[in-house]
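The values are calculated or read from the model by the stated rules, or taken from the named source; none is laboratory data. This is a predicted model, so every value here is computed, not measured. All Cβ positions, even for glycine, are placed from backbone atoms using ideal geometry, and neighbour counts span all protein chains on display.
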Amino acid sequence: MQKLFILISIATLTLGSCRETTTETKEVIREVKVESPETDESKGILERAAKEVDKEVNEEIDKKIDEIGND
């Protein structure tokens, strides 16, 4: 009887410790389209140079308008 009890206990421990304890995981991949704002790097060198020249010309025009308006 003791041998049977010991055999059952050993079998229970052996089978109990061999169970898989991993959990199911589900991987979800979602594609998202992101629009980034236009940067200066996406423009060509001529467009960037023209933008700088426009800025300088506009500043000069604003100065001349201020001079004329103060007369």
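Given the structure, is R30 at pLDDT 85 or above and not in a helix (DSSP H, G or I)?
When the stated conditions are applied, R30 passes them.
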Going through segment 6-27 in order, the residues found to be over 35 Å from the mean Cα position of the chain (by Cα) and either surrounded by 10 or more Cβ atoms within 10 Å (Cβ to Cβ) or modelled with pLDDT of 85 or more (or both) are I6, L7, I8, S9, I10, A11, T12, L13
